[in-house]
Amino acid sequence: MTNQYYEFFCPVKVIAGKAALEHIPYELTGLGAGRPMIVTDKGVRAAGLLDPVIAACEESGLEIISIYDDVPPDSSTGVVKDIAGIYRREKCDSLIAVGGGSAIDTAKAVNVLVSEGGDNIAEYSGAGTIKHPLKPFLVVPTTAGTGSEVTSVAVITDTAKSVKLPFSSSFLLPNAAVIDPRMTLTLPPHITAATAMDAMTHATEAFTCMAKNPLSDAYATAAIKKISTSLLEVMDNPKDSDNRLELAQASTMAGIAFSNSMVGLVHALGHATGAICHLPHGMCMSLYLPYVLEYNLETIRAPLGELLLYLEGPEVYAATPASRRAEASISAIRKLRDELFKRCRLPRTLKETGSVEEHQLDTIAEMAMDDGSVMFNPKEVTLEDARAVLRRAWA
Amino acid sequence: MLAKRIQPMAFQARRLYVELMFQVMGRALQAISEVDASARREARGLPEGFLFEMMVMPDGSRLIVEHVGDGRFHYHGNSAPRPVDLSIRFKHIAHAFLVMSFQEKTSVAFANDRMLVDGDIGYAVRMTRILNRLESFILPRVVAERAVKEYPSNLRLPEKLLSAARIYLKVASNFIETVRA
């Protein structure tokens, strides 16, 4: 009998497509909520992305009680406390996060405080500390990459101690993720590319790392196919709402995949690089993906070869000998990165970022070795291995 | 019928085996920190006084070791002198048995959600590396390959045998001291 075993969990209702935002009032009412608070950032507000959300609610007679639009890119315990204070003062009863990873993580943390009580979110960090369902919570992603709308984790910076606090609980998951193509239509090209490559990495690592399972595989492959088909279309025609929706759905599907099968060395290196060199997460993912796949190649040859079907389509897959498909998958990812570099200068090497110094590679490698993702990488990673991958990614 | 009669005994044997393995692992962690420089180097990344627990939920076998400084561990048995800093918990005795009987690698058990980590995940990764190194030393290669993700290619037989002998000697001495006490 096989020892195979897996768990798969995603209770988030996905509301996707044309006029999806207009479902928000119905969803909130169904959850017994009528006094929502919006958590977002200044960029989202300035881009006018709140307007259709507010209009959709007001048209159905649902008043937005409060809007907090000052979430910083790296949210902190202080911000969470402030928002929770406003929520309580205004007697809100539900949350709507509108934004990218930071706004969504912040809203998840606020939901913990306003549901479980207290002012110090640090008390709830770690796994298993949240014991009860939280307040009604909807997420409207405005980037197509993080997948935070379907993950049960959040990261908040403890400014007093200068550490990042992880939170992990299935109760953090929102009741619904609302994916509307209007929300990503105005994303600038370099953010579109970086976030889509973030989703591509989530799906690729979900499909090739240790906790892969049949259900996460299905989401991962579907996500890869959508990104491969739609990303360059969107780069060439940013107002293409159909392909924008495809990317947004791919991001959510990749999020469902990796939150159930975890990620590996690309993320470990990316987290460390982001922390040390302050590079955007999606850029790091795009940068490291082929180098890590090459490092893992002999351990993941079979699944990586399978991905060629979703990366390049059936003709290329059929024309490529089975023994060469894994390498061809890496080539396909490299080709996609080259196209993105041509269109928006998304860096392919650490040197191209202009933000990383060669002497920082050792520090990045050391930090990556303590990242939880390294545990799920299919191949054992030593410090020397991590350094070698970084050297290859340098230039 | 016979199977039903045997089942309680099998469960009891499984519990005793896991309990024994926890006692060996706890003592062996202390021993490897005394004989292996690489394990000590890894352990130095943990704060002094750091308490690590591995246990079976809800209230089964447990081992507790403390980083007493300079990469050295002290085995506390199954009771902690204060709240632990990092706890790795098997969800069920059956899952602990799979790992302790080398039917499932520790890394696979993590991937399969057999265990929960409560505490800093970075420290959990570090402790897993130390446990892997320990298993590579003290188990015959054919068994160790079933226990760790990748058997270290640079671990030569003389080093392995010498280190394993020293670790087992220290584990045995510790057992004897415990019995005498």
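The table below lists the values:
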{"quantity": "Residue list for segment B:24-74, filter: part of a loop (DSSP other than H, G, I, E, B) and surrounded by 23 or more Cβ atoms within 10 Å (Cβ to Cβ)", "calculated": "B:46"}
{"quantity": "Count of segment B:103-114 residues which are open to solvent by 10 Å² or more (accessible area, probe 1.4 Å) and either assigned to a loop (DSSP other than H, G, I, E, B) or in contact with a strand residue (DSSP E or B) (Cβ under 6 Å, 6 or more places away or on another chain) (or both)", "calculated": "5"}
{"quantity": "Residue check for residue A:268: surrounded by 20 or more Cβ atoms within 10 Å (Cβ to Cβ), part of a helix (DSSP H, G or I) and within 14 Å of another protein chain (Cβ to nearest Cβ)", "calculated": "yes"}
{"quantity": "Residue satisfying condition, being farther than 26 Å from residue B:151 by Cβ, at pLDDT below 95 and among the aliphatic types (A, V, I, L, M), within set A:287, A:279, A:309", "calculated": "A:279"}
{"quantity": "Residues satisfying the stated conditions in segment B:89-102, i.e. more than 11 Å from chain A (Cβ to nearest Cβ) and either part of a strand (DSSP E or B) or open to solvent by 70 Å² or more (accessible area, probe 1.4 Å) (or both)", "calculated": "B:90, B:92"}
{"quantity": "Extreme residue, farthest from the other protein chains (Cβ to nearest Cβ), among residues of segment B:130-161 that are more than 17 Å from residue B:31 (Cβ to Cβ), of a type outside the set (A, V, I, L, M) and in a helix (DSSP H, G or I)", "calculated": "B:158"}
{"quantity": "Conditions (1) over 23 Å from the mean Cα position of the chain (by Cα); (2) touching a residue at least 12 places away in the same chain (Cβ under 8 Å): number failed by residue A:68", "calculated": "(1)"}
{"quantity": "Lone qualifier among A:250, A:254, A:322, A:318 - being in contact with a helix residue (DSSP H, G or I) (Cβ under 6 Å, 6 or more places away or on another chain) and farther than 30 Å from residue A:360 by Cβ", "calculated": "A:250"}
{"quantity": "Pair list, Cβ < 6 Å and 6+ apart or interchain, from segment B:109-129 residues that are within 20 Å of residue A:155 (Cβ to Cβ) to residues that are of a type in the set (D, E, K, R) and in a loop (DSSP other than H, G, I, E, B)", "calculated": "B:119/B:85; B:122/A:370; B:125/A:370"}
{"quantity": "Residue count for segment B:103-128, restricted to those that are in contact with a helix residue (DSSP H, G or I) (Cβ under 8 Å, 6 or more places away or on another chain), within 9 Å of chain A (Cβ to nearest Cβ) and within 18 Å of residue B:51 (Cβ to Cβ)", "calculated": "7"}
{"quantity": "Any hit, segment B:75-82, residues being within 12 Å of another protein chain (Cβ to nearest Cβ) and open to solvent by 60 Å² or more (accessible area, probe 1.4 Å)", "calculated": "no"}
{"quantity": "Residues of segment A:27-56 satisfying the condition of being assigned to a helix (DSSP H, G or I), farther than 13 Å from residue A:137 by Cα and open to solvent by 40 Å² or more (accessible area, probe 1.4 Å)", "calculated": "A:42, A:43, A:45, A:46, A:51, A:55"}
{"quantity": "So residue A:140, is it in the same structural domain as residue A:51 (by TED's automatic domain parsing), open to solvent by less than 10 Å² (accessible area, probe 1.4 Å) and in contact with a helix residue (DSSP H, G or I) (Cβ under 9 Å, 6 or more places away or on another chain)", "calculated": "yes"}
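Let's see how each residue does on (1) closer than 24 Å to residue A:341 by Cα; (2) without any contact (Cβ under 8 Å) to a residue 24 or more places away in the chain; (3) in contact with a strand residue (DSSP E or B) (Cβ under 9 Å, 6 or more places away or on another chain):
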residue	(1), (2), (3)
A:207	no, no, no
A:217	no, no, no
A:232	yes, no, no
A:241	yes, no, no
A:245	yes, no, yes
A:300	no, no, no
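The values are calculated or read from the model by the stated rules, or taken from the named source; none is laboratory data. Computed from a predicted structure; not experimentally measured. We place every Cβ from the backbone using ideal geometry, glycine too, and count neighbours over all the protein chains shown. These area figures cover heavy atoms from the full protein model, side chains too; ligands, DNA and RNA do not enter into them. Shrake-Rupley method; radii C 1.70, N 1.55, O 1.52, S 1.80 Å.
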